[in-house]
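Shown next, in structure tokens, is the structure this report addresses.
The values are calculated or read from the model by the stated rules, or taken from the named source; none is laboratory data. Since this is a predicted model, take the numbers as computed values, not measurements. Note that each Cβ is placed from the backbone with ideal geometry, even for glycine, and that neighbours are counted across all protein chains shown.
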Amino acid sequence: MCSIYMLVVAIVLPCCFEILSLNCGTLMKETLRYLAGIVGPSGYGSKSTAEQVAHSCSYLVDSQRLTAIITGATSGIGAETARAVAKRGVRVVIPARDIKKAAELKERIRKDNPNAEVILCEIDLSSLASVKRFCNEFLALGLPLNILINNAGIFSQKLEFSEDKFEMTFATNYLGHYLLTEMLIEKMIETAEQTGIQGRIINLSSVIHSWVGRDCFHFNQMLHPINYNGTRAYAQSKLATILHAKEIAKQLKAKNANVTINAVHPGIVKTGIFRAHKGFITDSIFFIASKLLKSTSQGASTSCYVALSPQVEGMSGKYFVDCNESNCSVLANDESEARRLWRQTRALIRRRLYQTPC
Ligand SMILES: NC(=O)c1ccc[n+]([C@@H]2O[C@H](COP(=O)([O-])OP(=O)(O)OC[C@H]3O[C@@H](n4cnc5c(N)ncnc54)[C@H](OP(=O)(O)O)[C@@H]3O)[C@@H](O)[C@H]2O)c1
């Protein structure tokens, strides 16, 4: 019941935590801006669609064939992101746990753009061994890599553990993408050097990251929670993805690499991610709040914007909402927290992969 209540707040006030820190006048203005779809400084707003955004960036896309890996593209926001960028000529690599679903998406993409190049591979992001296998398989193809969209995600009510024995939401949403990024980042740096085109990494986060206070952001407890709460676990994983983007952005800058990494909140979209929350109450909430929800295409617009827009050139370690730079929580901005999380994750993954040869 508690998580349903939290869901209500998330849907009714999609930007509630950013908004709560504003005064009443600004709150009204921000809510009206969201509802009316008034565009921000980027020229886009909450009602911009993935297709509009990708289309206006097409000169960049057409100038040279780009290659993008998009996780979680078998449904929802990821599927629409893949469709929109493939339509503009980007070669799309889709790592998926359900290859049949991925093949259906490939067919849909090819209907839209018969010349689209779509490559399917297997991955289970909750398994470090599977992520490692995918990366080795991808690297063996010898393709360049310009864009990595860490989009896959789950929001589970039930406490489950991955094959590595870590809490499933944290393992899927954060740990798997951490390893994916780590194993592919050199390829992205190399591609950027060879082509002169900036590489871009996009982490799908959520406004819900702001719900996490310092007192419930402890690495070991997130790996092995005692009192599981699905909404809290989801929010923690989404905070981790922003901190990851902040820390990697710093490291890329220190290396002088022509690759950026940013986090995005796509907006609230009724996708498969809420499948575990089905029921009369949730369905009623979605029905009542339907005017506040985004369509899937609107939800995919911010990922497309950050991946393709020349306006984002050079921007790294930022957080975007409705295709505009936005503010994340104080904790998400904490550099020492980001560094600590990165160190702990690296140590964990080293230990795990070392002990389990794959
Ligand atoms: N929808 C929203 O309102 C909302 C709001 C804020 C943030 N987000 C974020 O946006 C991203 C996309 O979510 P969505 O709403 O589009 O959800 P969705 O429709 O449920 O899509 C999630 C995708 O992730 C994939 N996935 C899940 N677990 C995986 C695993 N272990 N290995 C590989 N792939 C896995 C799913 O694959 P299968 O097809 O095999 O299940 C699916 O393709 C997520 O990161 C989510 O947290 C969504």
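Would you check if there is a residue in the stretch 297-304 being touching a helix residue (DSSP H, G or I) at 6+ places or on another chain (Cβ under 9 Å), at pLDDT 95 or above and more than 30 Å from Lys187 (Cα to Cα)?
Scanning the stretch 297-304 turns up at least one residue that is touching a helix residue (DSSP H, G or I) at 6+ places or on another chain (Cβ under 9 Å), at pLDDT 95 or above and more than 30 Å from Lys187 (Cα to Cα).
Residues checked against (1) assigned to a helix (DSSP H, G or I); (2) within 10 Å of the ligand (Cβ to nearest atom); (3) acidic (Asp, Glu); (4) touching a residue at least 60 places away in the same chain (Cβ under 8 Å):
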{"position": "Ala68", "(1), (2), (3), (4)": "no, no, no, yes"}
{"position": "Thr74", "(1), (2), (3), (4)": "no, yes, no, no"}
{"position": "Val85", "(1), (2), (3), (4)": "yes, no, no, yes"}
{"position": "Lys101", "(1), (2), (3), (4)": "yes, yes, no, no"}
{"position": "Leu105", "(1), (2), (3), (4)": "yes, yes, no, no"}
{"position": "Arg108", "(1), (2), (3), (4)": "yes, no, no, no"}
{"position": "Ala116", "(1), (2), (3), (4)": "no, no, no, no"}
{"position": "Cys121", "(1), (2), (3), (4)": "no, no, no, no"}
{"position": "Asp124", "(1), (2), (3), (4)": "no, yes, yes, no"}
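Within the stretch 265-280, is there a residue that is within 8 Å of the ligand (Cβ to nearest atom), at pLDDT 70 or above and of a type in the set (Ser, Thr, Tyr)?
Yes, there is a match, as at least one residue in the stretch 265-280 is within 8 Å of the ligand (Cβ to nearest atom), at pLDDT 70 or above and of a type in the set (Ser, Thr, Tyr).
Just a yes or no: is a residue in the stretch 183-201 under 21 Å from Ile349 (Cα atoms), touching a Ser or Thr at 6+ places or on another chain (Cβ under 9 Å), not in a helix (DSSP H, G or I) and not charged (D, E, K, R)?
yes
Name the single residue that is farthest from Tyr305 (Cα to Cα) among those in the stretch 129-167 being of a type in the set (A, V, I, L, M) and surrounded by 21 or more Cβ atoms within 10 Å (Cβ to Cβ).
Step by step, filter the stretch 129-167, then rank; the result is Val131.
Exactly one condition in (1) at pLDDT below 95; (2) loosely packed, with under 15 Cβ neighbours inside 10 Å; (3) assigned to a helix (DSSP H, G or I) is not met by Ala347; state its number.
Every condition holds for Ala347 apart from (1).
Which number in (1) in contact with a strand residue (DSSP E or B) (Cβ under 8 Å, 6 or more places away or on another chain); (2) away from the ligand (no atom under 15 Å from the Cβ); (3) at positive phi marks the one condition that Gly89 misses?
(1)
What are the residue pairs meeting all of these: first residue in the stretch 325-336, first residue among the small types (Gly, Ala, Ser), second residue modelled with pLDDT of 95 or more and assigned to a loop (DSSP other than H, G, I, E, B), Cβ atoms under 8 Å, and 6 or more apart or on different chains?
From residues that are among the small types (Gly, Ala, Ser), the pairs are Ser329/Val212.
One line per residue, one yes/no per condition, for (1) buried (at least 20 other Cβ atoms within 10 Å of the Cβ); (2) of a type in the set (A, V, I, L, M, F, W, C); (3) away from the ligand (no atom under 12 Å from the Cβ); (4) within 16 Å of the chain's Cα centre (by Cα):
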position	(1), (2), (3), (4)
Thr169	yes, no, no, yes
Gly213	no, no, yes, no
Tyr234	yes, no, no, yes
Ile248	yes, yes, yes, yes
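Just one of (1) out of contact with any helix residue (DSSP H, G or I) (no Cβ under 8 Å at 6 or more places or on another chain); (2) within 27 Å of Glu137 (Cβ to Cβ) trips up Ala240, so point out which.
(1)
Does the stretch 137-156 hold any residues that are more than 14 Å from the ligand (Cβ to nearest atom) and part of a loop (DSSP other than H, G, I, E, B), and which are they?
Answer for the stretch 137-156, where residues must be more than 14 Å from the ligand (Cβ to nearest atom) and part of a loop (DSSP other than H, G, I, E, B): Leu141, Gly142, Leu143, Pro144, Leu145, Asn146.
For the stretch 291-311, which residues satisfy the criterion of being charged (D, E, K, R), more than 13 Å from the ligand (Cβ to nearest atom) and outside any helix (DSSP H, G or I)?
Initially, the stretch 291-311 is screened for residues charged (D, E, K, R), giving 291, 294.
Still in the running and more than 13 Å from the ligand (Cβ to nearest atom): 291.
Listed by number, the list is empty, since nothing qualifies.
Here is a list of conditions, (1) modelled with pLDDT of 90 or more; (2) in contact with an Asp or Glu (Cβ under 9 Å, 6 or more places away or on another chain), and Leu22 meets all of them except one; can you say which number that is?
Here Leu22 meets the rest and fails (1).
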